[in-house]
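Visitor: The structure follows.
The values are calculated or read from the model by the stated rules, or taken from the named source; none is laboratory data. This one's a predicted model, so the numbers in the text were calculated from it and none came from an experiment. Cβ atoms come from the backbone with ideal geometry, glycine included; neighbour counts cover every protein chain shown. These accessible areas exclude ligands, DNA and RNA; they are computed on the full protein's heavy atoms, side chains included. Shrake-Rupley method; radii C 1.70, N 1.55, O 1.52, S 1.80 Å.
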Amino acid sequence: MNTVASLIMTAQPPQQAAEPTAARVDVKAMPKILGRLTRLALRYPIWSGAAVSCALGAAVFNLITPRLLGQAVDQAHHLLVDGQFNPAATHAALLTTALLIVGTCAVRGTLTGLQGFLGEAIAQRVGYDLRLAFFQKLQHMSFSFHDTNHSGDLIARGMLDLEGVRGFLETGVLRVITLVLLLGVGSWQVLRADLQLGLLSLSFVPFVIWRATQMGALLRVTWNRLQEMLSNLTLDMEENLQGSRVVRAFASRSFELAKFDRIAQAALELSNRRIVIRMGAMSVMNLAYYSAMALVLFFGGRRVADGSLTVGMLTEFLTFMSILQQPVRQVGMVVNSSARATSSGRRLFEILDAQPEIADVPGAKNLVIDQGVLRLENVAFSYPGSTRNALTDINIEVSAGRTLGIVGAPGSGKSTLAGLIPRFYDVTAGRITIDGQDIRRVTLQSLRRSVSLVQQEIFLFDTSIHNNVAYTDPWAQEERVIEATSIAQLHEHIATLPKGYSTRVGERGVSLSGGQRQRMSIARGLVSQPDIIILDDSTAAIDAATEQRVRAALRDAVNHMATIIIAHRLSALKDADEIVFLEGGRIVERGNHQHLIGAGGRYAALWALQNRTDGYLGTAGHPLEEAQVS
Amino acid sequence: MISSGGGGGGGGGGGFADRSMRNAVDQGEEIFTRFDSRIVQRLWGFFGPHRLYFVAALSAVLLFTAVQVAIPYTVRYSIDASVGTSTIALTTVLSVFGGLIVLYAIMQFVQEWLSSCLAQRVIFDLRRAMFAHLQDVSLSLLDQTQVGRLMARLQGDVGSLQEFLENSVSAIGDLFLLIGIIVVLLGMDLKLGLLTLSVLPLLVLARALWIPWAKVKFRRARESSSSVNAALAENISGIRTVQENRREAFNFERYTGLVQENLEAQIGSSQASQIMVPAVDILTGAALAIVVVVGGEAVLGGTLGVGVMVAYIFYVQRFFDPIRTLSMQYTMMQRAAASGHRIFEVLDLPITIADRPDPVEITQATPGIEFRNVTFGYRPDQPVLHALNFAVKPHQTVALVGPTGSGKTSITALIHRFYEAWEGEVRVGGHDVRDISLESLGQTVGLVLQEPFLFSGSIYDNIRYGVTGADKADVIAAAVAVRAHDFIMQFPDGYDTQLGQRGRNLSIGQRQLLSFARALLAKPKILILDEATANIDSFTEQAIQQALKVLLNGRTCLVIAHRLATIRDADLIIVLERGRIVEQGNHDELLKRRGLYSRLHSSSHDSFDDIAAPLAAYAA
Ligand SMILES: Nc1ncnc2c1ncn2[C@@H]1O[C@H](COP(=O)(O)OP(=O)(O)OP(=O)(O)O)[C@@H](O)[C@H]1O
Ligand SMILES: Nc1ncnc2c1ncn2[C@@H]1O[C@H](COP(=O)(O)OP(=O)(O)OP(=O)(O)O)[C@@H](O)[C@H]1O
Ligand SMILES: [Mg+2]
Ligand SMILES: [Mg+2]
């Protein structure tokens, strides 16, 4: 599968995924994207060959029918080739023609059906490849990619755009081929039969091509804008539902509806415009087609009247034209579907061509843990697209069995620091090592197996408690899961639930309390028995008594791990071997509790504030200033 | 012809977090139970407001069909004119033909345009009705499903119904065309007409055999595509957790299984839809053969004009076109029926929390809160709050504390009437919340949720979410009060900084500050803070409290916090345990009682080396 995935992804030089989705039409984009799509289908050469052969066969047999029907009319009209009229022979001839017609239709029908089936089968196979490639790509794109791409938009690409592309392969490509074949073979046939009538019956073709091209360009602009609008609509509805508590808390129903109306109305108008463009072009094309038929009728009729043409021949031309009518009607669909496939394909390839910023370097080795010493050396980091450094000049060391505490105001860079260790982001300067191995040189798999980060923002899947806790290791023994939930002080609560570990937790864990969610997430981080565990503000929603029990249990269970605790409540950090105080992305104070209290700086002030007996409002001044003055 | 994006659509949930190989597709679908089966009738209700459009579209379709039927008829006369068996001159016939084709082009445009407009409008109304309905559905229902599942209905299902509706007017046209052609065929020559049409029963039989078989395949395709989409959506939403837990390979393998199953199902369904193509074609051939033999004989015998025979050939070919498109429409119809079902299921979700007729408005300047014997729970027979009694008097600041899961957040949800109490009364400003209009309740009670949720958009728009008319100065004042102004100004774009999904480009504490500012800006008469400062350092917290003291002067306030320093100044502290009030009083009183509060209090000071005693006491 991997080779297929890589084929899909490397068919084109990489582009940046976050490219703005402008409504501008790039003339070269259409053939490029459609060409690339077609090449995807050609990866199934046998199937594609068979499909095209069937299309060819169907077209040929389709073109035989006019001849047979014309012949039948002539037979009925006493105009046998040899000029003689013999009722018995004519009967026989009519019968033969009739049988031939049934036969031709049967073959044509079978081939058409086969062609349709093969077309769909190929499109489904390409869809299969694309689905897997898309999924795999998203799984490997780094956090910074997912920071800038809205999940709703990615889902829309993986569902709607993938369908748009598949739809084109399913019907568009083969229809184009059928159209070209019918036109090609048919023109040759009719031009050979009668140059004048042939030219007349084909006279509408250039006009249709011209209009169709124009329509394609217009439709593409509209499709781009429409897709953007629909994507806005999706995001709007999705966020409204995700934030349903906020929407209700502010009683913003009418505001939300007005916003919905505005976007939906815009989408509706674009949608209508798309139809006007399509139908306007289509009706003009049909007019051209019927005008050509009128010409055939006029000139052909006159020639039948003066005897230079048989009725059968005229019928043949007319039937030929009526066969062409189907493809002419489909031109609209084909152009529409290729316009859609172009804009969908672009959106899809944008993702498939994006390169993950964080991946294993060639020859990456597995992380080998010996002493379990984590070291950050002169680390600096800034988020992509941001000019400010989120972290500057960070030097830290933690080893197995020891604990590092991190404190700091919101936005001081604590979570950012935590995210660098499992390599969710790469440092901009400096380096991070574990037992001397630069984490950029080891495999992600082994790194993330050793480092467990319990994120500050909790995400739980809407499945059972067991499945959530055992997410890291789906085959984890029951005992390990229970051990983890016991450390997180959750086991007792789960035991009281009627369904125990099979209780469903709801989307993002809505049916749990804030503290229960947080403890689930701690338990999940423990199941894999990591060497380094980072708890990012993981006890903020837990009462102090429970927190103490969690910490006590953790201390017993994890004394072989290196632990990093980020917290605002200092009692959680007091016993850490070292505590660093972050401010604006820099370490401004460090040392153990005693040392920091003695130093009388920010940490000491914070400690005093949290432990004063008279409450926050008792004094007017800022405690930090007070502390620093004293 | 199956486009799998339609029917199932996407959803979240159940996909990969599951260890068993069974895919839990149905998780989160249980809420959709009430449903009455009159889809068509109810859909028709949505056409009502656009009756004019509908009539116009239908007339256009009829006219268009008539023109379509008439065109081959003129071909007949022009042939007859050419061979000299007709009295009407070729030029006359052709000028009629010319008129008809112009009419054809015009009517084609008009009918498609009208019918698409109609379909779009109906769909717009339908989607809006669903969206509006979802704004009123209570959280107790929404909690049980996933946003992805609702989105699948709002997008995927609405989409496939739209596809169907856009095509259904032309399907009506096709039906008329069939009837028109039958009439003309029989009218031109009864015997030949009857013979030609004798293939129809065969077609009907073939379809009758085909339908039950195809239905199964189509359903399988729909279902498999919806589970593929659900799995994709789930993986994308939880991508950070996936990477953090190194589940990439496992999930990929699981997904491959689903996609493989989908591939097979889709191929099966395309088999089912393509098998009808040869059948229809063979019958076309048979009908043509009948025309050739029977019609040819009649022409030979002089009982039929050659023009009629040519016209027959035309009609028979046209005749099977609508049949072909109608059978393509069948799959679309199947899908649309399933989608319609799912759409009306959403519209039928019961609304349990709504204004009673003639609700009261809260007019007091500072309303209080009172719980009278309130019992409440989320799941039947599992009460979370037990016969709770307490009051927050106007102007008071009351704190709720208690171990996690003791029911604090549930209390705030009841005050805002997110859920309905099982027993007892929740009163705000002297009225039962069930008597107060939701609008008024929303304006009176400001809530800072435990889990901050921000919308994507600018910081400015997020803060003024509750008061859309607020001007910049008010927004800045609110941001200053919660100490968010400084960090906002550090961004190059200041208040116009665009936030990512859920405020992703901010730290959690920063998100919490914004959600706090948002509540303050609305100047609620009652402010409820549910762990509003849990992720914020004590310095900032203290500064906020000092600002609030001025801002909230004279307001009623309910504060929940685990950090006891946050609530020391409250007028009353209520200590909850397992949904019951175990003690209440102010900080000093409670400390003296040496109960749960004092144990919680000492835990937040002691380190874990000296907790053995309080821990044992707590466990006892
Ligand atoms: N939507 C829900 N569906 C089912 N059960 C729920 C739901 N919300 C909460 N619960 C359960 O109700 C109980 C009380 O939850 P609540 O959120 O009120 O606790 P809390 O006191 O706010 O806790 P915390 O301090 O952890 O936030 C918990 O046991 C929780 O599992
Ligand atoms: N994904 C991101 N993209 C861009 N900027 C970010 C991103 N995440 C955080 N930031 C910015 O980086 C800075 C540090 O954020 P970080 O999350 O590390 O703070 P923190 O110390 O964890 O704060 P808190 O106590 O609130 O959790 C903040 O100013 C924040 O706005
Ligand atoms: Mg953080
Ligand atoms: Mg809570």
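Visitor: If amide hydrogens are placed 1.01 Å from N in the peptide plane, which non-local residues have theirs closer than 5 Å to the one on residue B:583?
Guide: Those qualifying (amide H under 5 Å, at least 5 residues apart or on another chain) are B:575.
Visitor: Under 5 Å between amide hydrogens, which residues at least 5 positions from residue B:527 or on another chain qualify, with H placed 1.01 Å from N in the peptide plane?
Guide: Distant-sequence amide H within range of residue B:527: B:446, B:556, B:557, B:558.
Visitor: Taking the dipole about the Cα centre of the protein assembly as shown, with the C-beta of Lys and Arg at +1 and of Asp and Glu at -1, give me whichever of B:489, A:538, B:49 is farthest to the positive side.
Guide: Highest projection toward the positive end goes to B:49.
Visitor: OK, next. If you take the beta carbon distance between residue B:387 and residue B:351 as r and set R0 to 22 Å, what does 1/(1 + (r/R0)^6) give as a FRET efficiency, to the nearest 0.05?
Guide: Working: r = 28 Å, r/R0 = 1.26.
Once rounded, the FRET efficiency stands at 0.20.
Visitor: Label points 7 Å out from Cα along the Cβ direction at residue A:28 and residue B:372: separation in nm?
Guide: 7.8
Visitor: With a 1.4 Å probe and every protein chain kept in, tell me what percent of the accessible surface of chain A is carbon plus sulfur. List each step's numbers first, then the result.
Guide: Working: 13550 of 23090 Å².
Carbon and sulfur together cover 59 percent of it.
Visitor: Can you list the HN-Hα couplings for the stretch B:354-363, worked out from phi with the Karplus curve (6.51, -1.76, 1.60; θ = phi - 60°), rounded to whole Hz and with x for Gly and Pro?
Guide: 8, 4, 7, x, 6, x, 8, 10, 7, 10
Visitor: Ordering B:290, A:494 from largest to smallest accessible area (1.4 angstrom probe), what's the sequence?
Guide: B:290, A:494
Visitor: Right, another one. Are there any residues in the stretch A:266-280 with a reduction of at least 50 Å² in accessible surface when going from the isolated chain to the assembly of protein chains? Probe 1.4 Å, please list them by number.
Guide: With the partner chains in place, the stretch A:266-280 has these residues losing at least 50 Å²: A:268, A:272, A:275, A:279.
Visitor: Then there's this: Starting at the first residue of the stretch A:579-591, write each ³J(HN,Hα) from the Karplus equation 6.51 cos²θ - 1.76 cosθ + 1.60 with θ = phi - 60°, in whole Hz, x for Gly and Pro.
Guide: So the J values, rounded to whole Hz, are 10, 10, 10, 9, 8, x, x, 10, 7, 9, 8, 8, x.
Visitor: What is the distance, in nm, between label points placed 7 Å from the Cα along the Cα-to-Cβ direction at residue B:496 and at residue A:92?
Guide: Taking the two extended label points, one gets 9.0 nm.
Visitor: Computing the accessible area with a 1.4 Å probe over protein heavy atoms, can you report the carbon and sulfur percentage for chain B? Write down the numbers at each step before the final one.
Guide: Working: 13090 of 22310 Å².
It is 59 percent, rounded to a whole number.
Visitor: A follow-up question, please. If I take R0 = 22 Å and measure r between the Cβ atoms of residue A:329 and residue B:55 in this structure, what FRET efficiency does the formula 1/(1 + (r/R0)^6) give, to the nearest 0.05? Display every interim value, and only then the final one.
Guide: Working: r = 26 Å, r/R0 = 1.18.
Plugging the Cβ-Cβ distance into 1/(1 + (r/R0)^6) gives 0.25.
Visitor: Ok, one more. For the stretch A:373-613, what is the percent of antiparallel DSSP beta bridges, rounded to the nearest 5? Working shown, then result.
Guide: Numbers: 19 of 37 bridges.
The antiparallel proportion sits near 50 percent.
Visitor: Just the number, please: buried accessible area between A and B, total of both chains, 1.4 angstrom probe, nearest 100 square angstrom. Spell out each step's value before the answer.
Guide: Numbers: alone 31710 and 31100 Å², together 45400 Å².
Interface between A and B: roughly 17400 Å².
Visitor: Going toward the positive end of the dipole of chain B, with +1 on Lys and Arg Cβ and -1 on Asp and Glu Cβ, which of B:154, B:75, B:60 do you reach last?
Guide: B:75
Visitor: Within a 10 angstrom radius of each residue's Cβ in A:568-575, how many Cβ atoms of other chains show up on average? Whole number is fine. Can you show the working numbers first?
Guide: Numbers: counts 11, 8, 5, 7, 3, 1, 5, 3.
Partner-chain Cβ atoms within 10 Å, mean over residues of A:568-575: 5.
Visitor: I'd like the Karplus ³J(HN,Hα) series for the stretch B:199-206: coefficients 6.51, -1.76, 1.60, θ = phi - 60°, whole numbers in Hz, and an x wherever there's a Gly or Pro.
Guide: Listing the rounded values in order: 6, 4, x, 4, 4, 4, 4, 4 Hz.
Visitor: Still on this model: Kindly identify residues of the stretch B:52-101 having a loss of at least 10 Å² in accessible area between the isolated chain and the assembly of all protein chains, probe radius 1.4 Å.
Guide: Those residues are B:71, B:75, B:78, B:79, B:82, B:83, B:90, B:91, B:94, B:97, B:101.
Visitor: While we're on this one: Taking GluC sites (Glu not before Pro) as exposed when DSSP calls them loop (any state but H, G, I, E, B) and at most 15 other Cβ atoms lie within 10 Å, what is the longest stretch of chain B free of them, the sites themselves excluded? Before the final figure, lay out the partial values.
Guide: Working: sites that count: B:30, B:361, B:420.
Free of exposed loop sites, the longest segment is B:31-360.
Visitor: Quickly work out the residue B:140-to-residue B:198 label distance, labels modelled 7 Å from Cα along the C-beta direction, and quote it in nm with one decimal.
Guide: Distance between label points: 6.8 nm.
Visitor: Continuing with this model, one more query. Quick one: divide the alpha-carbon radius of gyration of chain B by 2.2 N^0.38 Å and tell me what you get. Please list the in-between numbers first.
Guide: Numbers: Rg = 35.0 Å, N = 620, 2.2 N^0.38 = 25.3 Å.
Normalised by 2.2 N^0.38 Å, the Cα Rg of chain B equals 1.38.
Visitor: Are there any residues in the stretch A:499-523 with a reduction of at least 50 Å² in accessible surface when going from the isolated chain to the assembly of protein chains? Probe 1.4 Å, please list them by number.
Guide: A:504, A:507, A:508
Visitor: With every protein chain present, what accessible area does residue A:568 have (1.4 Å probe, heavy atoms only), rounded to the nearest 10 Å²?
Guide: Roughly 10 Å² of residue A:568 is accessible to a 1.4 Å probe.
Visitor: Run the reach check for residue A:259 against lysines, Cα to Cα strictly under 30 Å, same-chain hits fewer than 8 apart removed. What comes back?
Guide: Partners within reach: B:472, B:523, B:525.
Visitor: Can you give me the C-alpha center-to-center distance between the stretch B:412-434 and the stretch A:350-398, rounded to a whole angstrom?
Guide: Taking the Cα centre of the stretch A:350-398 as reference, the centre of the stretch B:412-434 is 50 Å away.
Visitor: Now, a different point. With every protein chain kept in place and ligands, DNA and RNA left out, what is the accessible area per residue of chain B? Probe 1.4 Å, answer in Å².
Guide: On the way: 22310 Å² over 620 residues.
Accessible surface, normalised per residue, equals 36 Å².
Visitor: Roughly how many Å² is the accessible area per residue of chain A, as a whole number, for a 1.4 Å probe? Mind showing how you got there, number by number?
Guide: On the way: 23090 Å² over 630 residues.
Per-residue accessible area for chain A comes out at 37 Å².
Visitor: On average, how many beta carbons from a partner chain sit within 10 Å of the beta carbon of a residue in A:409-422?
Guide: 4
Visitor: Continuing with this model, one more query. Could you tell me what percent of the DSSP beta bridges with both partners in the protein assembly as shown are antiparallel, to the nearest 5?
Guide: Working: 40 of 77 bridges.
Restricted to the protein assembly as shown, the bridges split so that about 50 percent are antiparallel.
Visitor: Here's a follow-up. If amide H atoms are built 1.01 Å from N in the plane of the peptide, which residues on other chains or at least 5 residues away come under 5 Å of the amide H of residue B:569?
Guide: Under 5 Å from the amide H of residue B:569: A:616.
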